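See structure below.
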Amino acid sequence: MADRAGDYIAGLFGAEDELLASLREEADRTGLPPIAISADEGRLLQVLLTAISARRVLEVGTLGGYSAICMARSLPPGGRLLSIEIEETHAAFARKYIDRAGMADRVEVRVGRALDALPSLDGERFDAIFLDADKEPLPTYFDWALRLVRPGGLIIGDNALWGGRVYDGDESDERTRGVREFNRRMATDPRVLGIIVPTHDGVAVAVVR
Ligand code: MG
């Protein structure tokens, strides 16, 4: 949210510790896509996971591990985060920082395509899923989220506003169509109760009924 309200919220709730600041700096310097979540979105994830006493979390799209570290910090001892990443180089970067953050015992970064990895998890149960990867398959990710997340758990999707393209964008863009359809389901599927929180690029949150 590039406005005064967003700046105020980020200033109050978006403090970054040294580890996350150096992760962001090295990611920028070494050419990782500059699309990690903002610090106040990290705080939002922590509030949400803490509210439901999450112990087992699934992330789709690790990138440099910024959100994984934020979420892992909200898990109790024995809690586990599984994060799926398609790019081996991103996964290696993320593992390095997860290790530095002292979270290697609770975070596993698995390399692969989410559309292959999600079916391999069928039958497992997660307290929450954070979707922050490619946007075209978001409706399919939503279907998997409903299979994998327990009742009372959370489906969370980053970039729900998609830089404004969800309301101003072109229907011919597949990624925009994917985000729009995901948002529509978060709003209207009777199996969830959802909302978009208008952060930096919007975080969609739904509780599974
Ligand atoms: Mg994102």
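The values are calculated or read from the model by the stated rules, or taken from the named source; none is laboratory data. Owing to the predicted nature of the structure, the values given are computational and were not obtained by experimental measurement. Methodologically, a virtual Cβ is constructed for each residue, glycine included, from the backbone with ideal geometry; neighbour enumeration extends over all protein chains shown.
Do we find a residue being under 12 Å from the mean Cα position of the chain (by Cα), of a type in the set (Ser, Thr, Tyr), buried (at least 16 other Cβ atoms within 10 Å of the Cβ) and within 27 Å of LEU148 (Cβ to Cβ) anywhere in region 89-97?
No, region 89-97 has no match at all.
Every residue, every condition in (1) more than 24 Å from ILE155 (Cβ to Cβ); (2) in contact with a helix residue (DSSP H, G or I) (Cβ under 7 Å, 6 or more places away or on another chain), yes or no:
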{"position": "LEU58", "(1), (2)": "no, yes"}
{"position": "TYR66", "(1), (2)": "no, yes"}
{"position": "PRO77", "(1), (2)": "yes, no"}
{"position": "HIS90", "(1), (2)": "no, no"}
{"position": "ALA101", "(1), (2)": "yes, yes"}
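Kindly establish whether GLY153 is small (Gly, Ala, Ser), crowded, with 16+ Cβ neighbours inside 10 Å, modelled with pLDDT of 95 or more and within 16 Å of the ligand (Cβ to nearest atom). So GLY153 does not fit the description; no.
Residues are listed down the side, and each one gets a yes or a no for (1) more than 13 Å from the ligand (Cβ to nearest atom); (2) assigned to a helix (DSSP H, G or I):
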| residue | (1), (2) |
| --- | --- |
| GLY64 | no, no |
| LEU75 | yes, no |
| ASP99 | yes, yes |
| ALA104 | yes, no |
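Filtering region 166-200 to residues that are surrounded by 18 or more Cβ atoms within 10 Å (Cβ to Cβ), within 16 Å of the ligand (Cβ to nearest atom) and either β-branched (Val, Ile, Thr) or closer than 22 Å to ALA51 by Cα (or both) leaves VAL166, THR176, VAL179, MET186, THR199, HIS200. Scanning region 6-46 for residues that are within 19 Å of the chain's Cα centre (by Cα) and of a type in the set (Gly, Ala, Ser) gives ALA10, GLY14, ALA15, ALA21, ALA27, ALA36, SER38, ALA39, GLY42. Restricting region 115-132 to residues that are aliphatic (A, V, I, L, M) and over 11 Å from GLY178 (Cβ atoms), the residue that is farthest from the ligand (Cβ to nearest atom) is LEU121. Are any of the residues in region 150-161 part of a helix (DSSP H, G or I) and more than 15 Å from the chain's Cα centre (by Cα)? No, region 150-161 contains no residue that is part of a helix (DSSP H, G or I) and more than 15 Å from the chain's Cα centre (by Cα).
The condition (being on the phi > 0 side of the Ramachandran plot, surrounded by 22 or more Cβ atoms within 10 Å (Cβ to Cβ) and touching a residue at least 24 places away in the same chain (Cβ under 8 Å)) is satisfied by just one residue among LEU63, LEU45, LEU58, LEU23: LEU63. Every listed requirement among (1) over 30 Å from SER172 (Cβ atoms); (2) surrounded by fewer than 21 Cβ atoms within 10 Å (Cβ to Cβ) is met by ASP116 save one, (1).
Can you give me the number of residues within region 26-47 that are in a helix (DSSP H, G or I) and either basic (Lys, Arg) or within 15 Å of the ligand (Cβ to nearest atom) (or both)? Break it down stepwise before answering.
Residues of region 26-47 in a helix (DSSP H, G or I): 26-29, 39-47.
Narrowing the set further to residues that are either basic (Lys, Arg) or within 15 Å of the ligand (Cβ to nearest atom) (or both) leaves 27, 29, 39-45.
Number of matching residues: 9.
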